[in-house]
1. For residues that are touching a residue at least 12 places away in the same chain (Cβ under 8 Å), more than 19 Å from VAL114 (Cα to Cα) and out of contact with any helix residue (DSSP H, G or I) (no Cβ under 6 Å at 6 or more places or on another chain), tally how many sit in segment 131-170.
2. Would you check which residues across segment 104-119 are near the ligand (Cβ under 10 Å from one of its atoms) and of a type in the set (Gly, Ala, Ser) and list them?
3. Does PRO219 satisfy the condition of being surrounded by 15 or more Cβ atoms within 10 Å (Cβ to Cβ) and either under 25 Å from VAL22 (Cβ atoms) or hydrophobic (A, V, I, L, M, F, W, C) (or both)?
4. If a residue must be acidic (Asp, Glu), surrounded by fewer than 17 Cβ atoms within 10 Å (Cβ to Cβ) and within 12 Å of the ligand (Cβ to nearest atom), how many such residues does segment 158-200 contain?
5. Yes or no: segment 7-24 includes at least one residue that is out of contact with any Asp or Glu (no Cβ under 7 Å at 6 or more places or on another chain), on the phi > 0 side of the Ramachandran plot and away from the ligand (no atom under 16 Å from the Cβ).
6. Those residues that are in a loop (DSSP other than H, G, I, E, B) and in contact with a strand residue (DSSP E or B) (Cβ under 8 Å, 6 or more places away or on another chain), I need them from segment 231-260; list them, please.
7. Given the criteria farther than 27 Å from ALA234 by Cβ, hydrophobic (A, V, I, L, M, F, W, C) and either assigned to a helix (DSSP H, G or I) or modelled with pLDDT of 95 or more (or both), does LEU120 qualify?
Amino acid sequence: MTEWAKAKVLVTGGTRGIGRAVAEQLLNLGAVVTIVGRSANSVEAALRSLGADGKRVFGIARVIDGREEVGIDVAAEASRCMGGLTAVVNAAGGAPVGRALDLDWGIWKHEWDVKFWGYLAMARAAALHLHEGGVIVNILGIAGVDPNPRLASGTTINGALRGLTKILADDLAPRRIRVVAVNPAATETDLLVRMAEQYAVASQVTTEEALRQMRAAAPLGRLPHPEDVAAVVAFLLSDEASMISGSSVDVDGGLRRGPA
Ligand SMILES: NC(=O)c1ccc[n+]([C@@H]2O[C@H](COP(=O)([O-])OP(=O)(O)OC[C@H]3O[C@@H](n4cnc5c(N)ncnc54)[C@H](OP(=O)(O)O)[C@@H]3O)[C@@H](O)[C@H]2O)c1
């Protein structure tokens, strides 16, 4: 049985979308949580909406930019706030729409800096704080398994992070620390609207039409909500998932093609 009151979880990207839903779910279960976002304003707004009491939920405003020291500082600050660290959920990142040959070079590099190098920096730093029973959860995306030419950066970054999840799981298994990944399909967050706006420009339709088409593709009649992803993350963090490591779980309502 998971003793959630002893869980001290760092959630990057915890101010909005999937990360925020994870933070809320964990708080409801009784965990202590630290969220990370880019600005003091977004962190404070999220803390207010999560019912910040200065005891169970903390916030760190920091731009994750791929530098190792950011991971080191954030993990140390989270551990200081919570009196330790038992798990990390890496959820800070985006998914710009763009094909490999067209996507702006600066966006390519920025996305890799924030998500690939950011997740790796956070995992390396967290590994210095985690003990037996610790867990690292990486939020990836189905494009990493089912390549999508219209999501060139997300396809490549999430594919690389799948490999990283497996080799980190190998390296940390002797310390009884698990590393797992979650692959959401297009999920009903702010990011989905930004993606729809970009698809709309590329396909010369309205944003509403792009959103309608994305939602119409959902086999189960709706796209995942952030809470659907958060429920799976909470399970993966729990003792009930203690034999799951190095693999990824799709939260896609059956959308992904490729290997079953
Ligand atoms: N939504 C989808 O359709 C979908 C599908 C598959 C995978 N994913 C993946 O799931 C993860 C979360 O996506 P989401 O939909 O929840 O996105 P979102 O609603 O746009 O939220 C992104 C979160 O990440 C934070 N963030 C972004 N860049 C950051 C940076 N450089 N430094 C620190 N924090 C940063 C944001 O904080 P502030 O805004 O407060 O700075 C916010 O909390 C991403 O890795 C994304 O690739 C999303």
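1. 11
2. GLY118
3. On the way: surrounded by 15 or more Cβ atoms within 10 Å (Cβ to Cβ): no; either under 25 Å from VAL22 (Cβ atoms) or hydrophobic (A, V, I, L, M, F, W, C) (or both): yes.
No; evaluated as a whole, the condition is false for this residue.
4. Residues of segment 158-200 that are acidic (Asp, Glu), as a first pass: 170-171, 188, 190, 197.
If we keep only those that are surrounded by fewer than 17 Cβ atoms within 10 Å (Cβ to Cβ) too, we end up with 170-171, 190, 197.
Now drop any that are not within 12 Å of the ligand (Cβ to nearest atom), which leaves 190.
Looking only at that region, the number is 1.
5. Step one: of segment 7-24, the residues out of contact with any Asp or Glu (no Cβ under 7 Å at 6 or more places or on another chain) are 7-15, 18-20, 22-24.
Subsequent filtering for residues that are on the phi > 0 side of the Ramachandran plot retains 13.
Pick out the ones that are also away from the ligand (no atom under 16 Å from the Cβ) and you get none.
Checking segment 7-24: not a single residue is out of contact with any Asp or Glu (no Cβ under 7 Å at 6 or more places or on another chain), on the phi > 0 side of the Ramachandran plot and away from the ligand (no atom under 16 Å from the Cβ).
6. If we filter segment 231-260 for residues that are in a loop (DSSP other than H, G, I, E, B), which is where we start, we get 238, 242-247, 252-260.
The answer is SER242, ILE244, SER245, GLY246, SER247, ASP252, ARG256.
7. Numbers: farther than 27 Å from ALA234 by Cβ: no; hydrophobic (A, V, I, L, M, F, W, C): yes; either assigned to a helix (DSSP H, G or I) or modelled with pLDDT of 95 or more (or both): yes.
So LEU120 fails the test.
So that you can scan it fast, the table gives a plain yes or no per residue for (1) assigned to a helix (DSSP H, G or I); (2) within 18 Å of the chain's Cα centre (by Cα); (3) within 22 Å of VAL88 (Cα to Cα):
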{"site": "ALA210", "(1), (2), (3)": "yes, no, no"}
{"site": "MET214", "(1), (2), (3)": "yes, no, no"}
{"site": "ALA218", "(1), (2), (3)": "no, no, no"}
{"site": "GLY221", "(1), (2), (3)": "no, no, no"}
{"site": "VAL229", "(1), (2), (3)": "yes, yes, yes"}
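The values are calculated or read from the model by the stated rules, or taken from the named source; none is laboratory data. Note that the structure is predicted; figures quoted are calculated from it, not measured. Positions of Cβ are backbone-derived with ideal geometry, glycine not excepted, and every protein chain shown enters the neighbour counts.
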